[in-house]
Amino acid sequence: MNSQQFLCPANTTPAVPITPLRKDTLNDWLASQPETTARWVRGSRFTADAGETCLIPDQTGGLDRVLFGRGDGLSAWDWSVLPSILPARVFRIDAPLDAEAGAAAARAWALACYRFDRYRQATGSWATLALPPAVDAAAVARAVAAVFLVRDLINTPAADMGPSELAAAVREVGSRFGADVTVIEGEDLAVRNYPLVHAVGRASARPPCLIDLRWGAPEAPKLTLVGKGVCFDSGGLDIKPSSAMKLMKKDMGGAAILLGLAQVVMAAALPVRLRLLIPAVENSVSGNALRPLDVIRSRKGTTVEIGNTDAEGRLVLADALTEAVSETPALVIDCATLTGAARVALGTELPALFCNDDALAADLLACGQRVGDPLWRLPLWQPYRRHLRGKVAELTNAPDLAFAGAITAALFLAEFVPAARPWIHLDVMAWNTAAQPGRPEGGEAMSLLALAALVQQRFRS
């Protein structure tokens, strides 16, 4: 799937106009129309409620215009209800939209057309939107393609998306842009000093690996991304109940989201030295599985006591973050489906943001609001650092604390990032538990649009 299936150039003709109307402007609009049009609209009982539509025929029985209710306002996502309910024609928005609002409407329209069709034939048809004037078509296409990529990866069952398959997906994306991709796999992880990645993944018959993508001029500012690639999480020996295990194919959502971001960066040819690190593992059960209260010396040299084998994401991220900061990047971003505690605090739809730089956090929050991809900041509350002390090691991955799980997980990761290094940590659901306009149930690229806007803002030419 690509956006070109659902979007076309602004000057495409013929195109049926879509007129968005608020409840308080409906009567004025009707007064300006021919009486036949006004009678049709009133007879259709169109009141301009949010999401309401009215299809107005022309004199030959064709389609002359579509009215689209804005209620008392219109979110960009509201446009996404139209592609599936309108006939398979070309439409244009008959209203003044600036470049940003037009791009948001086009993204929402295209994203509503996503279907995961790997295992069954897609059904249905969609209307096509002529891009509003002044919209950067290439930028919209990049964003939509990245979201589609992320959704496809997360929606793929773990049987077909293990560490090696995730590495293949990174190689495929990298090959399109001339990136270098290397993979450290299996026992080589222990030999090359990625002990936490190795320890978490060694119990699986599918070897763990560290995927490393590099792109861009070496002298450019360094942007380093670290995505949690737990392709399936059984919980390990601290095994999850079946109800909690059901969605664990999505536990590589952080890796998928940052691969999508990497694709946007490369497609836009941003002037950065991009690095993407993905520790890819299955957290499984076998005779050599990681055990509770084992102590592992991390890549950084810090000893970590395993308080719970189901707190594995922060372990693999710790080694990857240690490698990430070794090159002193200008910005480090990690993304992970890390804690249930973040979902308790914020629900499933709002990613938790942790950041060690107030200005950077403010910029990301503003970007999220602007592109309709909101986040909420939680604190790196330093007094809780005391809960990370292990009983026999320097750190524990699972404190004996019933509360603040998202914060203590973020503080654990902070142990592997120098305080002076600008760092963003996102704790995301990466899954829509129910369909919303433009966002079908299933894997979701939460925070991707916000991150893309931030990166383009900070590293523009």
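Things worth noting here:
Residue by residue, here is whether (1) surrounded by 22 or more Cβ atoms within 10 Å (Cβ to Cβ); (2) part of a loop (DSSP other than H, G, I, E, B) holds:
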residue	(1), (2)
F354	yes, no
L360	no, no
R370	no, no
P374	no, yes
R386	no, no
G390	no, yes
I407	yes, no
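- Filtered residue count, segment 155-183, keeping only those that are among the aliphatic types (A, V, I, L, M), touching a Phe, Trp or Tyr at 6+ places or on another chain (Cβ under 7 Å) and under 28 Å from S234 (Cβ atoms): 1
- Per the conditions (1) in a helix (DSSP H, G or I); (2) surrounded by fewer than 16 Cβ atoms within 10 Å (Cβ to Cβ); (3) modelled with pLDDT of 95 or more, the sole criterion not satisfied by Y119 is (1).
- Taking segment 183-277 and the strands (runs of 3 or more DSSP E) fully enclosed by it, no element has 2 or more residues that are under 23 Å from the mean Cα position of the chain (by Cα) and among the small types (G, A, S).
- Residue match in segment 207-230 (condition: without any contact (Cβ under 8 Å) to a residue 24 or more places away in the chain, over 13 Å from A280 (Cα atoms) and surrounded by fewer than 21 Cβ atoms within 10 Å (Cβ to Cβ)): no
- Qualifying residue in segment 305-321 (condition: under 30 Å from A105 (Cα atoms), in contact with a Ser or Thr (Cβ under 7 Å, 6 or more places away or on another chain) and not basic (K, R)): no
- Contact map, segment 248-260: first residue on the phi < 0 side of the Ramachandran plot and charged (D, E, K, R), second residue assigned to a helix (DSSP H, G or I) and surrounded by 24 or more Cβ atoms within 10 Å (Cβ to Cβ), Cβ cut-off under 6 Å, separation 6 or more or different chains; pairs are K250/I154.
- Selection over segment 241-261 of residues that are in contact with a Gly (Cβ under 8 Å, 6 or more places away or on another chain) and of a type outside the set (V, I, T) gives a count of 11.
- The set of residues in segment 261-275 that are touching a residue at least 40 places away in the same chain (Cβ under 8 Å) and aliphatic (A, V, I, L, M) comprises L261, A262, V264, V265, M266, A267, A268, L270, V272, L274.
- Cross-chain or 6+ apart pairs with Cβ under 7 Å, segment 183-201 first and among the charged types (D, E, K, R), then crowded, with 24+ Cβ neighbours inside 10 Å: E185/C209
- All conditions but one from (1) surrounded by fewer than 24 Cβ atoms within 10 Å (Cβ to Cβ); (2) more than 16 Å from the chain's Cα centre (by Cα) apply to F148; the one that does not is (2).
- Residues in segment 104-137 that are within 20 Å of L454 (Cα to Cα) and in contact (Cβ under 8 Å) with a residue 40 or more places away in the chain: A104, A106, R107, A108, V135, A137.
- Any helices (runs of 4 or more DSSP H) falling wholly within segment 1-113 and containing at least 1 residues that are in the same structural domain as P437 (by TED's automatic domain parsing), of a type outside the set (F, W, Y) and surrounded by 16 or more Cβ atoms within 10 Å (Cβ to Cβ): none
- D400 meets all of the listed conditions (1) closer than 19 Å to T348 by Cβ; (2) at pLDDT below 95 but one, namely (1).
The values are calculated or read from the model by the stated rules, or taken from the named source; none is laboratory data. Model, not experiment: these values are computed from the prediction. Because the Cβ atoms are built from the backbone with ideal geometry, glycine has one as well, and the counts that use them run over all protein chains shown.
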